[in-house]
Amino acid sequence: MVAARCASLVLMLLLSCCGAASAAADEKLTHLHFYFHEVVAGAPNATVVKVASLHKGAPAFGDVNVFDNVLREGPDPASRLIGRAQGFGVNASLDGSSIFSAIDFVFSGDYGEYSGSTLTAQGQFDPTGGPSERSIVGGTGKLRFARGYMKSRLVSSTNTTIVVVFDMYFTLAH
């Protein structure tokens, strides 16, 4: 009796694994590539503001920033607008080596099949401009149930602007 139950359990586990592997094989990996253009706080038409801080001067542990940045097809500020990146960043490491962010990438009417859809990502990024990787934790519209990751890195910065390149890799659950 025990042997029969064990055999049934093993069979169920094998079927479950095969089903999951089959579903994973059906999923297509999608890659999106675009640029985030930020106008720093204090500059005219700033797209990021500090909403909470216990410190004066340089960014420090506990600071919270909120942003609503444009997404463009290229690094040139005149390149095609494809959406907005709306979210927040929290200086959550004592040593200032990383910032936790949560971002909704809202794709506009100029972004083909993904127009009106969103992707949501969260995780740590390097405030010094080095490469960062964060999780894609969901989406809406045509991007509903998205799961994957994104990589970002600083492309350029001036006293008033920051440009970051994003590469997103995700699958959609069926």
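The values are calculated or read from the model by the stated rules, or taken from the named source; none is laboratory data. None of the values given here were measured: they were computed from a predicted structure. Methodologically, a virtual Cβ is constructed for each residue, glycine included, from the backbone with ideal geometry; neighbour enumeration extends over all protein chains shown. These area figures cover heavy atoms from the full protein model, side chains too; ligands, DNA and RNA do not enter into them. Shrake-Rupley method; radii C 1.70, N 1.55, O 1.52, S 1.80 Å.
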Under 16 Å from Phe36 (Cα atoms) and at pLDDT 95 or above: does that describe Ser152?
yes
Picking from Ser156, Ser97, the residue that is open to solvent by 40 Å² or more (accessible area, probe 1.4 Å) and farther than 21 Å from Asp68 by Cβ would be Ser97
Exactly one of (1) modelled with pLDDT of 95 or more; (2) more than 23 Å from Thr47 (Cβ to Cβ); (3) open to solvent by 70 Å² or more (accessible area, probe 1.4 Å) is unmet by His174. Its number?
(1)
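Go through the stretch 165-174 and give me each residue that's within 20 Å of Ile99 (Cβ to Cβ) and either assigned to a loop (DSSP other than H, G, I, E, B) or in contact with a Lys or Arg (Cβ under 7 Å, 6 or more places away or on another chain) (or both). Full working, then the answer.
Step one: list which residues in the stretch 165-174 are within 20 Å of Ile99 (Cβ to Cβ), which gives 165-168.
Passing the criteria: Val165, Asp167.
Taking the stretch 37-60 only, how many residues are open to solvent by 60 Å² or more (accessible area, probe 1.4 Å) and more than 27 Å from Gly109 (Cα to Cα)?
We begin by selecting, within the stretch 37-60, every residue open to solvent by 60 Å² or more (accessible area, probe 1.4 Å); these are 41-42, 44-45, 49-51, 54-59.
The next check asks that each one be more than 27 Å from Gly109 (Cα to Cα); those that pass are 41-42, 50-51, 54-59.
So the answer is 10.
Considering each of Val70, Val48 in turn, give the residue that is under 22 Å from Ile136 (Cβ atoms) and touching a His at 6+ places or on another chain (Cβ under 9 Å). Steps first, please.
On the way: Val48 fails: touching a His at 6+ places or on another chain (Cβ under 9 Å).
Exactly one residue qualifies, and that residue is Val70.
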Identify the single condition in (1) more than 18 Å from Asn69 (Cα to Cα); (2) touching a residue at least 24 places away in the same chain (Cβ under 8 Å); (3) in a strand (DSSP E or B); (4) open to solvent by less than 70 Å² (accessible area, probe 1.4 Å) that Gly130 does not satisfy, given that it satisfies every other one.
(3)
Check whether at least one residue in the stretch 141-148 is in contact with a strand residue (DSSP E or B) (Cβ under 7 Å, 6 or more places away or on another chain), crowded, with 16+ Cβ neighbours inside 10 Å and under 17 Å from Phe36 (Cα atoms), and report yes or no.
no
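Conditions tested, residue by residue: (1) in a loop (DSSP other than H, G, I, E, B); (2) open to solvent by less than 60 Å² (accessible area, probe 1.4 Å); (3) within 16 Å of Met150 (Cβ to Cβ).
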| position | (1), (2), (3) |
| --- | --- |
| Gly62 | yes, yes, no |
| Asn69 | no, yes, yes |
| Gly74 | yes, yes, no |
| Pro77 | yes, no, no |
| Arg84 | no, no, yes |
| Gly89 | no, yes, yes |
| Ser93 | yes, yes, no |
| Ile103 | no, yes, yes |
